[in-house]
1. In the stretch 62-181, what percent of the accessible surface is made up of carbon and sulfur (1.4 Å probe, ligands and nucleic acids excluded)?
2. Taking the chain as a Gaussian network, where each spring joins two C-alpha atoms under 10 Å apart, which residue of PHE257, PHE306, PHE331 fluctuates the most?
3. For an R0 of 25 angstrom, estimate the FRET efficiency from the Cβ-Cβ distance between THR107 and ARG73 and round to the nearest 0.05.
4. Considering every Cα-Cα pair within the stretch 63-108, what fraction, in whole percent, is farther apart than 15 Å?
5. Which is farthest toward the positive dipole end of the chain among TYR129, LEU153, ASN43, measuring Cα position about the Cα centre, with Cβ charges +1 (Lys, Arg) and -1 (Asp, Glu)?
6. Given LYS135/LYS238; LYS109/LYS295; LYS170/LYS348; LYS55/LYS292, which pairs have Cα atoms separated by over 30 Å?
7. Between GLY322, GLY15, GLY137, find the one with the highest GNM mean-square fluctuation for the chain; connect C-alpha pairs within less than 10 Å.
8. Give, in nm to one decimal, the length gained when the segment between GLU84 and ILE194 is fully stretched (0.36 nm per residue of separation minus the Cα-Cα distance).
Amino acid sequence: MKIRDFVLNIHSIIGIFLGLIFVISGLTGSAIVFREEADRALNQTLMQVTPQPKKASIDRIFDSVQQAYPNLRSPLIRFPKTPEDTYNFGGDLPDENHLEVYVNPYTAKVLGSRVWERSFIGFMHTLHYTLFLKKPGHMAMGFVAILLLLTTLTGTLLWTGWRNLKIGFKIRWRAPAPLLNYDLHNVGGILTTIILSILAVTGSAIIAAQFALGGGGGGGDVPAAKPVPERTPIALSKLLPKAEAALPGGRIAYVQFPEDSGNKLVITKTFPEQKTGRFDFSTVEVDRFTGKILKAEKVLEPNPVFKVLLVIVALHFGTFGGIFTRILYVFIGLMPAVLLITGLAMWKRRGWQKVRGESASQLRTEETQSNRLS
């Protein structure tokens, strides 16, 4: 078997058996490139309000959610970024899905709730990362990313441009359908191979990092919560100023009640001068019952490992070049579907050609034998 035939077989087998997963990953990836903007546009009644002169107290807002959802587990409170934004209370449900409750910051009225995984963006996000198979699916998508890289590499080796550069980038639009199909697969594959390879490498790297940091796929065993003392916790309106005093400046991004620590409150802050991308690492830990500051850490620059991760995340989400690369990534996500369709057409045509060749060869053999007998 020639080397080219061997490479072609690997390319075809991976494409045929995993092509549909590549398409799902690509289409869902395109759908979540602008996930925050799309989510806000689709859920304006939950996420946007008309600013008013005075905001409700955080205690009143917290009580409203507690009354409406008394069993909300380990809530995380996302604070509004702008005067038009709402509070977002997130927590885990018994079925391991994630509930989000939205509250008007001016009236403390609960505007509604949703299960994240059942929202459009949440559905696309979960399908993209785990195929709704939780941790096994998340791990499987890491291997799928590696096989996508192998597919792009073998496709690059098969590119006709290595023999003739001009032909390698030429699409014969007026040629018969089989030739046009071949050109679309050949040219479309080589034009997107670099970015698809980047997405494959960064995707597998992100999944590996999430498992290494203990957050891979979700749906794992929830740590047993430490028993909460039989005392009434201090009100949030009194704890938050303590956190502000311990770590002044910036704004509060979110507040978390860690499930594995019943007495601790973690306040995460964001600062305009920080160089941590879309992540916030500055935190203040406060004892909910005594008000004692347990830890205060201001992080404006991540450590070297996280710096590498920030580059990987920017490359995977297409944010490194602003709006232009994000739009480009939307179209790149459509290419696996194009390559699968054109690839299947080529594979089917090769199969028919092989069958016809074998049939013709058999017919010639039979004719030769018949002539000898006669």
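The values are calculated or read from the model by the stated rules, or taken from the named source; none is laboratory data. Treat the numbers as computed from the prediction; the structure is a model and nothing was measured. Cβ placement follows ideal geometry from the backbone for every residue including glycine, while neighbour counts extend to all protein chains displayed. The area values use the complete protein model at the heavy-atom level, side chains included, leaving out ligands, DNA and RNA. Shrake-Rupley method; radii C 1.70, N 1.55, O 1.52, S 1.80 Å.
1. On the way: 4170 of 6500 Å².
Carbon and sulfur: 64 percent of the exposed surface of the stretch 62-181.
2. PHE306
3. That pair, THR107 with ARG73, gives E of 0.45.
4. Values: 435 of 1035 pairs.
Percentage above 15 Å: 42.
5. Of the candidates, LEU153 comes out farthest on the positive side.
6. Check vs 30 Å cut-off fails for LYS135/LYS238; LYS109/LYS295.
7. GLY322
8. Working: separation 110, 0.36 × 110 = 39.60 nm, distance 3.98 nm.
Working it through step by step, the gained length comes to 35.6 nm.
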